[in-house]
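Take a look at the structure set out below.
The values are calculated or read from the model by the stated rules, or taken from the named source; none is laboratory data. Everything numeric here is computed off the predicted structure, so don't read it as measured data. Heads up, the Cβs are rebuilt from the backbone with ideal geometry, glycines too, and the neighbour counts pull from every protein chain shown. When the accessible area is computed, the model is the full protein with side chains, heavy atoms only, and any ligands, DNA or RNA have been set aside. Shrake-Rupley method; radii C 1.70, N 1.55, O 1.52, S 1.80 Å.
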Amino acid sequence: MTKVLDIPKVNAKNMTEKEFFYGHKACAGCGGSIAVRLALKVLGERTYSALPAGCMSAVGFIYPQMAFNSNAIITTFPGSASMAAGIAAGAKALGQKDFKTVVFAGDGGTADIGFQALSGMIDRNDDVLYICYDNEAYMNTGIQKSGLTPYGTKTTTTPAGQNIPGTITHKKNLFEIIAAHDIAYAATASIGYPQDFINKVNKAKHVKGATFIHVYASCPTGWGTPTETSVEIAKDAVDAGLIFLAEYEDGEYKLNRNPKEFKSVEEYLKKQGRFKHMSDADIQCVIENRDKKWERMRKNWL
Amino acid sequence: MKSNKIFISGDEAVAQGVRLSRPHVVAAYPITPQTITVERLSEMVEAGEMDAEYMHVESEHSAISATMGASAVGARTFTASSSQGLLYMAEGLHYCSGGRWPVVMMNANRSVALPWSIYGDQRDSLSLLDSGWIQVYVEDAQEALDLIIQAYKIAEHKDVLTPMMVNLDGFILTHTYELVDIPDQDMVDQFLPPFQTPNKMSFENPKNLGFSSRPDDNTEFKYQQNEAMFNAIDVIRKTDEDFAEMFGRKYHGMVEEYMCEDADVVLVALGSVCGTVRVVVDKLRAEGKKVGLLKIRYMRPFPVEEVKDLARRVKAMGVIDKDISFGYEGTVYTNLNSAISQIDKYVYKSNFVGGLGGRDITKAEIEDMYNKLYAGLENKSEETVEFFSLNVEGND
């Protein structure tokens, strides 16, 4: 495995002023588009972006208005990792050097339909950075449950009613599933902590081979939140301990943020339309699940 | 002319054709009876005989996705599949032709489950006729090798830019050994120059590909795709002529007629069964019967002109279909009928469906088909679609 190098930090001051993703039709306050915009500014001009069906491809590629200022392509829904791997292999075979291939796929495109191809890509150690922007449901098709939709969430396929309180399963443990491939570099991030996110992208940029970043990206349309609170709510999720910031590198887990105490889960949930129906027992279930997870992470990753 | 004949299987002949075509990326997933091809290709890469990236993809869906990705940066690509694998690729097949990526694929024609069968028929590829790929069906291992080389030239032509599927019958062609002439690499290089396309992403000229279209534009994209397929007809003919000039082997473009010049009754078929039909034609000709064979080589684009031309000259045509479109008739028959309906002449026709799941089609059965065509013609019978040599009683 390639060793992750000690590389200079990127920040708002030293990042390029060039934009590679603009003029798109994303909803106001779209967290996914923030993730794509920031990542591409770090990755730079010599980038091939591959995006499966999903919000970012739907809003970015409507002929003749193309929103990517660098090379980009919509992939098959289940095949974003393999198409990106093909791009990397083709460009390498043609003798191209100093470029990066990146996938931007949603939670459904990653944890559900695209998972087989992603697992294959990591197994082959293809030279691709795979970024999953996680807005916790199939938002492009109108807010349906995915494998990363958290417990309790009301979606259009998990309605909250008399019999079922919305989504009855917890999020798949995507980060650890990816790490279990013994990938060279994997990380979790949130657009609520952009500095952390861009530096993880920068780290992955410098690794030759398969890398993965799971970035939490809010969705006002699907979450029922005001558009101006997108970054704040993505930060709240981390502060409430429902999303954690971590890395997997050289076979070791690293917890990047280990708060002494968490902010209120109830407050985080009640800000969002998708969780409004949740009972005290449901909220307790979310908290218990969080605590179990943190106990394990603190025990093993610190 | 340099000649180098070796004794190899159809699968190995395909691998040789691929090696000579110098693809940059090979991505394939194993499936019987295609596996020998991908095994040989990986051995060639290992031995340094092929300078290609060999991708061990985890599925056929990823095989087609990866080859599209590589093609989208201007690389020459190859994949291979069969049956269930080809069907698993189905989304990608449409995607690839719509993206105008000239991926070349070998398909080992095999039955489609259920019931499971690893043996040959043509239901896999024929069920994907509408996926926008050029489809050619070969008769022997030499044609398989030669058509891989031709396929790149046809698919990558600037007026075509359409992926191409080279079909060879599972086991009958993939696993039987023949003496095959391996063309000289220098001559192949001369015949097949490196892939050049404007339809690619690059750092000199960045592009957004694989995009969405609105209802205002979609029909125009599909129209262009259809035009490209029609453009392929002349390119196929010209490529075959150029190939013959350089390598001394000619396949007659869209179709090959055998003993059709003065024929009254002809059988129409695809692929390896044509070899058996030729033998029967020779026998019946010796008996004084004016019979012939139309070997359809290309199912897409369809050889409408060639079929019409022959239909004008003959009295009866029978189609052997190693496939069935349930609730109707064989797919080759449907396509042939549509072309024949364009001429102002009655031709007696019959559809013989069989050879499914690897069952042999014998000389006796083929002779019987010719006899039935003669009888139908004489008795002015209604046209029939029959499953031949059926082992079960019919309802009547």
If I ignore ligands, DNA and RNA and count only protein heavy atoms, how much of A:K171 is accessible to a 1.4 Å probe, in Å² to the nearest 10? 50
Accessible area of B:R214 in the full protein assembly, 1.4 Å probe (Å², nearest 10): 100
Specify the residue with the greatest mean-square fluctuation among A:V102, A:V215, A:V286, computed from a Gaussian network of chain A linking alpha-carbon atoms under 10 Å apart. A:V286
Residues with beta-carbon under 13 Å from that of B:Y54, excluding B:Y54: net charge, scoring Lys, Arg +1 and Asp, Glu -1? -3
For a Förster distance of 25 Å, can you work out the FRET efficiency between the beta-carbons of A:T227 and A:T157, rounded to the nearest 0.05? 0.55
Mind giving me the nanometre distance, one decimal, between the label points for A:D98 and B:Q196, set 7 Å out from Cα along Cα→Cβ? 2.7
Estimated distance in nm for a label pair at B:E46 and B:H94, the labels positioned 7 Å out from Cα along Cα-to-Cβ: 3.9
How high is the FRET efficiency between B:S389 and B:K158 when r is their beta carbon distance and R₀ equals 51 Å, given to the nearest 0.05? 0.60
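Roughly how large is the B-A contact in terms of buried accessible area, totalled over both chains, probe 1.4 Å, nearest 100 Å²?
In total, this chain pair buries about 3000 Å².
Mean residue ellipticity at 222 nm from the helices of chain A, using -39,500 (n - 2.57) per DSSP H segment of n ≥ 4 over the full residue count, to the nearest 500 deg cm²/dmol?
-10000 deg cm²/dmol
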Tell me, how many Å apart are the Cα centres for the stretch B:12-73 and for the stretch B:110-150? 17
If one compares the long axis through the Cα atoms of helix A:280-301 with the longest principal axis of the Cα atoms of chain A, the angle in degrees, nearest 10, works out at 50
Short version: which residues of the stretch A:39-74 lose at least 30 Å² of accessible area, all chains versus chain alone, 1.4 Å probe? A:R46, A:Y48, A:F61, A:I62, A:Y63, A:M66, A:N71, A:A72, A:I73, A:I74
So, in nm, how far is label B:M246 from label A:N69 when the simple model puts each one 7 Å beyond its Cα toward the Cβ? 4.4
Most fluctuating residue of A:T75, A:T158, A:T141 in a GNM of chain A with Cα springs under 10 Å: which is it? A:T141
Which FRET efficiency, nearest 0.05, do B:A286 and B:Q224 yield, Cβ-Cβ r, R0 45 Å? 0.35
In degrees, nearest 10, range 0 to 90: what is the angle between the Cα axis of helix A:31-43 and the longest Cα principal axis of chain A? 30
Contour minus Cα-Cα distance for B:L114 and B:Y346 (0.36 nm per residue): 79.7 nm
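Rounded, prolate or oblate: which fits the stretch B:126-195, taking a ≥ b ≥ c as square roots of the Cα gyration tensor eigenvalues, rounded meaning a/c under 1.5, else prolate when a/b beats b/c? Could you put the intermediate results ahead of the total?
Details: a/c = 3.77, a/b = 1.04, b/c = 3.61.
The shape class here is oblate.
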Of the listed pairs A:K18/B:K200; A:K92/B:K153; B:K153/B:K349; B:K158/B:K345, which have alpha-carbon separations greater than 27 Å here? B:K153/B:K349; B:K158/B:K345
Over the heavy atoms of A:D280, what accessible area does a 1.4 Å probe trace out, to the nearest 10 Å²? 120
Using a 1.4 Å probe on the protein chains only, how many percent of the accessible area of chain A belongs to carbon and sulfur? 52
Using a 1.4 Å probe on the protein chains only, how many percent of the accessible area of the stretch B:255-387 belongs to carbon and sulfur? 49
For the stretch B:255-387, what class follows from the C-alpha gyration tensor (a ≥ b ≥ c being the square roots of its eigenvalues): rounded when a/c is under 1.5, otherwise prolate if a/b is larger than b/c, else oblate? rounded
Could you order A:D196, A:D282, B:D360 by accessible surface area, starting with the largest, using a probe radius of 1.4 Å? B:D360, A:D196, A:D282
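Can you give the mean number of other chain Cβ atoms that lie within 10 Å of the Cβ atoms in peptide B:332-345?
Mean inter-chain Cβ contacts per residue within 10 Å come to 0.
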Helix A:194-205 axis, angle to chain A major axis (alpha carbon atoms, nearest 10°): 40
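Exactly which chymotrypsin sites (Phe, Trp or Tyr not before Pro) in the stretch B:288-337 are in a DSSP loop and have at most 15 other Cβ atoms within 10 Å?
Within the stretch B:288-337, the qualifying chymotrypsin sites (Phe, Trp or Tyr not before Pro) (loop, at most 15 other Cβ atoms within 10 Å) are B:F326, B:Y328.
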Once a ≥ b ≥ c are taken as the square roots of the eigenvalues of the Cα gyration tensor of the stretch B:1-90, is the result rounded (a/c under 1.5), prolate (a/b larger than b/c) or oblate (a/b not larger than b/c)? oblate
Which residue fluctuates the most in chain A, going by a Gaussian network model with Cα springs under 10 Å, if the choices are A:T188, A:T110, A:T157? A:T157
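Using the Kirkwood radius built from alpha carbon pairs, what does the Stokes-Einstein equation give as D for the protein assembly as shown at 20 °C and 1.002 mPa s, in µm² per second? Could you put the intermediate results ahead of the total?
Values: Rh = 27.6 Å.
The diffusion coefficient I find is 78 µm²/s.
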For the stretch A:39-75 and the stretch A:232-260, write down the distance between their C-alpha centroids in whole Å. 28
Which parts of the stretch A:104-129 would a label at B:H56 reach, counting a residue when its backbone N lies under 18 Å from a point 7 Å out along Cα-to-Cβ? A:116-128
Compute the accessible area per residue over the protein assembly as shown, keeping the other protein chains in place, probe 1.4 Å, unit Å². 40
What order do B:R300, A:R37 take when sorted by accessible area (1.4 Å probe), most exposed first? A:R37, B:R300
Out-of-range pairs (alpha-carbon distance over 24 Å; input A:K13/A:K254; A:K100/A:K145; B:K238/B:K308; A:K13/A:K263; A:K200/A:K254; A:K9/A:K270): A:K13/A:K254; A:K100/A:K145; A:K13/A:K263; A:K9/A:K270
